[in-house]
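Trainee: One structure is given below, represented as structure tokens, and several questions about it will come after.
No value in this document is a laboratory result; all are computed from the given coordinates. All figures in this text were calculated on a predicted structure; none of them were measured in a lab. Note that each Cβ is placed from the backbone with ideal geometry, even for glycine, and that neighbours are counted across all protein chains shown.
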Amino acid sequence: MEKLTEEQVERRLSQALAHRSSVSAERLIAGLLATLDLTAEAADEFTYPALPSTARERIFGGQVIAQAIVAADRTVDAEKNIHSLHSYFLRAGDETKPLHFRVHRDFDGRSISNRRVVVRQNDKVIFNLTASFQKPAEGLEHQVKMPDVLPPEQCMSAMEQIARNPQIPDEYIERMSMPRPFDVRSVRPEGKSDVARQYQWIKAVAPLPDDPLVHRATLAFASDMGLLSTSMIPHGIHWTTPGLFSTSLDHAMWFHDDFRMDEWICYVMDSDWTGHTRGLNRGALYTQDGILIASAVQEGMIRLAPKSD
């Protein structure tokens, strides 16, 4: 498809920005926080209600990760914070049906607690997560230095990426520019690249409460955005490529330090391997002053339908 003219980009960008700003930042954050507000139904059991309607084909994976973190945290001593999680996406979820979270208390020690969360919909398991919680402790410290990256102000916004992408038809601009609770600025190679590496800056669009759990759950929510696409870079494909089907299979995270999601976080992503319709992706998350606050690894399915003659 031919490159868009600057006049076309400007028109599409104006349309995307108008749609993105149609909902206030405060309302978007209120919606994000409502997503994390689970209802206690019984001992170690929680639910999240069905939405009246949805434009999504399936529940966003990052949402269920964040909700499972909240469910597990409600069964752990307040002095312990989540430091790692390992999860599997088993079935696609439906936003118009309620979610049921069952927490299993597998272990409670003096400094560490472990929880399993099984998420069901229509009595079928759609997702499971194992998480570990730890009391704050002092010990040896080191971290990998943050790579040289452009500051968020010099990176292309998600809206501009949508506007400049000729594979997104004009009639899809509104759908692709849905109001979201995150400001995302990305740097990604154009076309094919032997180096499967990209990065993006992420920040909540309005202030969040001070509760560290909110920030860790929100980071887990956002960590599912864009990570899988890293393993597509060597193949010159993108989430807008015709015939592409991609979905997360598993997701793991380690939380290293405290941070705020209403301040810029840099998500540096790379991929070592693709094969057998799967791609492996890694991410390192830094504050703007270079502190490594979390790491993520995800494997996803990547299927590309053959082109018809």
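Trainee: So how much slack lies between ALA25 and VAL125, counting 0.36 nm per residue of separation and subtracting their Cα-Cα distance, in nm?
Mentor: Difference between extended and current length: 32.6 nm.
Trainee: Okay, moving on. On full extension of the chain, what length is gained from GLU153 through ALA43, given 0.36 nm per residue of separation minus the C-alpha to C-alpha distance?
Mentor: Length gained between GLU153 and ALA43: 34.9 nm.
Trainee: To continue, here is another question. Between the stretch 213-275 and the stretch 46-112, what is the separation of their alpha carbon centroids in Å?
Mentor: 18
Trainee: Just how many % of Cα pairs in the stretch 214-271 lie over 16 Å apart, if you round to the nearest whole percent?
Mentor: For the stretch 214-271, the fraction of Cα-Cα distances above 16 Å is 52 percent.
Trainee: Between SER223, SER84, SER14, find the one with the highest GNM mean-square fluctuation for the chain; connect C-alpha pairs within less than 10 Å.
Mentor: It is SER14.
Trainee: Place a +1 charge on the Cβ of each Lys and Arg in the chain and a -1 charge on the Cβ of each Asp and Glu, then give the dipole magnitude about the Cα centre in debye, rounded to the nearest 20.
Mentor: Charge dipole, the chain, about its Cα centre: 760 debye, nearest 20.
Trainee: Rank ASP106, ASP258, ASP250 by mean-square fluctuation in a GNM of the chain with C-alpha springs under 10 angstrom and give only the top-ranked residue.
Mentor: In this elastic network of the chain, the residue with the biggest mean-square fluctuation among ASP106, ASP258, ASP250 is ASP106.
Trainee: Determine, for each peptide in 236-246, 120-130, the mean count of other beta carbons within 10 angstrom over its residues, then list the peptides with the highest first.
Mentor: 120-130, 236-246
Trainee: What residues of the stretch 132-162 lie in the reach of a label at THR240, counting those whose backbone N is under 16 Å from a point 7 Å from the Cα along Cα→Cβ?
Mentor: Once the point is set 7 Å along Cα→Cβ of THR240, 156-162 turn out to lie under 16 Å by backbone N, inside the stretch 132-162.
Trainee: Quick check: the angle from helix 25-35's long axis to the longest principal axis of the chain, C-alpha only, nearest 10 degrees?
Mentor: Once rounded, the angle reads 50 degrees.
Trainee: Follow-up question, since we're still on this one. In the chain, once you exclude exposed GluC sites (Glu not before Pro) (DSSP loop, at most 15 other Cβ within 10 angstrom), what's the longest stretch remaining?
Mentor: Result, exposed sites excluded: 191-262.
Trainee: If I model a spin label at VAL187 and GLU171 as a point 7 Å from the Cα along the Cα→Cβ vector, what separation in nanometres do I get?
Mentor: 3.8
Trainee: So what are the three principal axis dimensions of the chain from its Cα atoms, in whole Å, longest to shortest?
Mentor: Computed over the Cα atoms, the extents are 61, 46, 43 Å.
Trainee: Check each of the trypsin sites (Lys or Arg not before Pro) in the stretch 142-206 and keep only those in coil by DSSP with at most 15 other C-beta atoms within 10 angstrom; list them in order.
Mentor: LYS145, LYS192
Trainee: In addition: Which residue fluctuates most in the GNM of the chain (Cα springs below 10 Å): ALA30, ALA66, ALA222?
Mentor: The residue with the greatest mean-square fluctuation here is ALA30.
Trainee: Quick one: net charge around PRO179, please, counting Lys, Arg +1 and Asp, Glu -1 for every other residue with C-beta under 13 Å from its C-beta.
Mentor: +1
Trainee: Evaluate the distance, in nm, between pseudo-label points positioned 7 Å from the Cα of ARG116 and of LEU51 along their respective Cα→Cβ axes.
Mentor: Spacing of the two 7 Å Cα→Cβ label points: 3.0 nm.
Trainee: On full extension of the chain, what length is gained from TYR88 through ASP250, given 0.36 nm per residue of separation minus the C-alpha to C-alpha distance?
Mentor: 57.9 nm
Trainee: Same structure, new question: Quick check: net charge around GLN200, other residues with Cβ under 12 Å of its Cβ, Lys/Arg +1 and Asp/Glu -1?
Mentor: My count for the surroundings of GLN200 gives +3.
Trainee: Any idea what angle helix 61-73 forms with the longest principal axis of the chain, computed on alpha-carbon atoms, 0 to 90 degrees, nearest 10?
Mentor: The two axes meet at around 10 degrees.
Trainee: Rounded to the nearest 500, what is the 222 nm mean residue ellipticity of the chain from helices alone, with -39500 (n - 2.57) per DSSP H run of 4+ residues and division by all residues?
Mentor: The per-residue figure over the chain is -6000 deg cm²/dmol.
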